[in-house]
1. Where does chain B land at 222 nm, in deg cm²/dmol rounded to the nearest 500, when only DSSP H runs of n ≥ 4 count, each adding -39500 (n - 2.57), divided by all residues?
2. Each label point is 7 Å from the Cα along the Cα-to-Cβ direction; what then is the distance between the points at B:Glu120 and B:Asp108, in nm?
3. Using only alpha carbon pairs under 8 Å that are at least six residues apart, calculate the relative contact order of chain A and give it in whole percent.
4. Hey, any idea what % of the protein assembly as shown's accessible area is carbon plus sulfur with a 1.4 Å probe?
5. Can you tell me the mean projection area, over all orientations, of the convex hull of the stretch A:1-159's alpha carbons? Units nm², please.
6. In whole Å, what are the Cα extents of the stretch B:389-452 along the three principal axes, biggest one first?
7. Shielding by partners for A:269-281, please: the mean number of other protein chain Cβ atoms within 10 Å of each residue's Cβ.
8. Round to the nearest 10 and give me the degree value, 0 to 90, for the angle of helix B:25-34's Cα axis relative to the longest principal axis of chain B.
Amino acid sequence: MPFNCKPQKFSASIKAVDLGTGDKKVTLGGESVFPFYSFDGSEGNGAKVGVEISDMGLDHEPEAVKAYYAGCETMADIAKKAEAMEGADFVCLRLEGGDPNGADKSIEELVAVAKEVADAITAPLVVEGCKNVEKDGQLLPKVAEALQGKNVLLLSAKEEDYKAIGAAAGLAYDQKVGAESAVDINLAKQLNVVITQLGVKPESVVMNVGTAAVGYGYDYVISTMDRIKAAALSQDDKMLQMPIITPIASETWAVKESMATEEDAPEWGNLDARGVSMEVQTAAASLVSGSDAVILKHPQSVATIAKMIKELI
Amino acid sequence: MALTGIQIFKMTPKKNCKECGSPTCMAFSMKVAQGAVDISACPYMSEDALAQLSEATAPPMKTIKVGAGESEYSLGGETVLYRHEKTFVSKTRYASSVCTCMDDAAVDARLASVSNVDYERIGERMYTEMINVAYKAGDAAEKYVELVKKAAATGRCLILSCKDVEVAKAALEVCKDSKPVLNGADASNYEAMSAAATAAGVVLGVCGADINELYDTTAALEKLGNKNLILDVTADTIKATFANAVMVRRAALKDTDRTFGYPSIVNVAKLAKDDKAMQEALAATFTMKYGSIVIVEEMDYAMALPLYGLRQNLFTDPQKPMKVAPGIYPLNGADENSICLTTVDFALTYFLVSGELERSGVPVNLVISDAGGLSVLTAWAAGKLSSTSVSNFFLENVEDKIKSRKLIIPGKVAVLKGDIEAKLPGWEVIVAPLEAVQLVKFLKDMQANGQL
């Protein structure tokens, strides 16, 4: 008796969301199967890889990342080099300098950086705030306004500030809204519900359902994404059918495996190799769980994950 | 196909003798249907019914044991496809590779590297559990036997990847007592390989040119009576391997196709030869998607630290949070004169807090007391984190070891400050910020102000 393969067919699918304009435009989502289950049906547009850069420049970056951007003097230079990275589909600008507990840069200054970066590149742009809810609530609407016509994704609208960011990005300036929740399927759904109730089209929403570095409570991340994809596809839950974007680099480069120097942890070996491994493995695990896009920063991680996605689709 | 309680009940003697431990035959049947009790607990089942039932009520995926002594591992036995449905039971095991195609120096270096990675993480020992010993067709049998001997000397469980029956037999002669996996059966040699594996009493690995051939060969082996198998799902491409790994597990668990109800091997070293970063990505991928054994070229700390962390997360009970052992954890070179900071034993909290403390660079004794593995607020609400629990722990376990009398408590339980001070005479209790991420600035400020 031959093997009787029973494909898992779903009539529902993840919404396709366009980012950027022109030739380099990318589409997130569109799949009607579980991640990489191409033997079941359509993979949609395939997962995408973004390259993270920061308004704080390169001073705090790992050595190999600094080396990649050697010679870059302005944010425009850095952005151009980022979009040229092998395997890059889009660029993600993190405006971490806006943090009131950090550099506390002014909104005008940050908007100018976002504009400089957006004008320098042709690849789609994702703009991430500084994680301070109050500041982001003011900053991201201004960024949305300044970058009109570029079709950028703004990360992120949270429970506390979704009204300001959702209305500006999703309604007034026709950008894409990132909905960020804290590793819980119900919170993710609730936020999508209230954002769409503002009048934002479901096709303009991308979810960041929260993440962690592998080993750091990553069990919750796996189960949250597993359950979201299952509800979206098998139960046709329209409020969970938004594609998922996961910022990986900002998590993985902050854990001790990626930071402890070779003097501090001699048995652990090469620091750069550890950082890449943590980033690559967290990205792979996220993609297998359901991320439609991951944001990384080390050139080797970007190339490896882009290649893996290509091999799997 | 799984049977319902009623179907099982029809085959019982219906005498309600209670000898099985259940009050009635009906109750017993229901428990068997749920998998809570084995059918053999009933002494009065007819042979016929027993045969029929043990087949039908057997778990969808077999648990296969490999290795011996301290290096014995259970593989498979899974009942669900997703960890949120029920706990995954047999964690993925990792193997380094050696091959007759490598020169002696490379083999020695690789085998030496196997013992390098060995550490503990939240109560679990993390190390390279297995070694894959590959035979390159055409090489001398003696060469392979020597290589197997060398690998066996490490004490690790071996996987003999060898498709030549005679060579495999020679290798089994020198290592069969350590119960290696003989990974070598395919459509052309399965009868002889099965005989060799059975004679040596070891698990047989089966592979196929595609998933249909793998299925047919496995079915043929079962027909020969060999059900001590592992399926090597590695194909020529990453894509086909991923498809095999998922389809095999899904057929077994979702469609209860028992022919595929065995653990699996994924050889990532073969799929991404010489590409270390890709092997890392794939090792993580196949840990998530159903590899019971994942073979890499070499396991080093860079690969192990994230991989074992991922595995530890993936194989936890979704209903039981991960806990760290209570105790004093000195960070940044802290000694008995360094300040104490306490939080709960929930692993996620521990990692967040210890990570931030390490970033601050300030020497701190992180004191973890038993709080039922709950987060700060939940533990407080449940009464597991209280002024009494903290003060008792400090009186019993900390006061005689630490000279500092300053204690930082979580910002979320600032309300406990007064009570703890009352119960811990001589201690100054300081309230930390609400979020772990604010600790770096908080501690640095304390240091700058000479408060430490």
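The values are calculated or read from the model by the stated rules, or taken from the named source; none is laboratory data. On a predicted model such as this, the values are computed, not experimentally measured, just so you know. Virtual Cβ from ideal backbone geometry, glycine too; neighbours counted across all protein chains shown. Heads up: the accessible areas ignore ligands, DNA and RNA and are worked out on the full protein's heavy atoms, side chains in. Shrake-Rupley method; radii C 1.70, N 1.55, O 1.52, S 1.80 Å.
1. Numbers: 17 runs with 177 residues, N = 452.
It comes out at -11500 deg cm²/dmol, rounded to the nearest 500.
2. 3.4 nm
3. On the way: 659 pairs, mean separation 63.8, N = 313.
Once divided by the residue count of chain A, the mean separation gives 20 percent.
4. Numbers: 15010 of 29980 Å².
Percent of accessible area from carbon and sulfur atoms in the protein assembly as shown: 50.
5. 12.9 nm²
6. 31, 24, 17
7. Working: counts 5, 3, 1, 1, 7, 7, 1, 5, 15, 6, 4, 11, 15.
Going residue by residue through A:269-281 and averaging, the value is 6.
8. In chain B, helix B:25-34 runs at an angle near 80 degrees to the longest axis.
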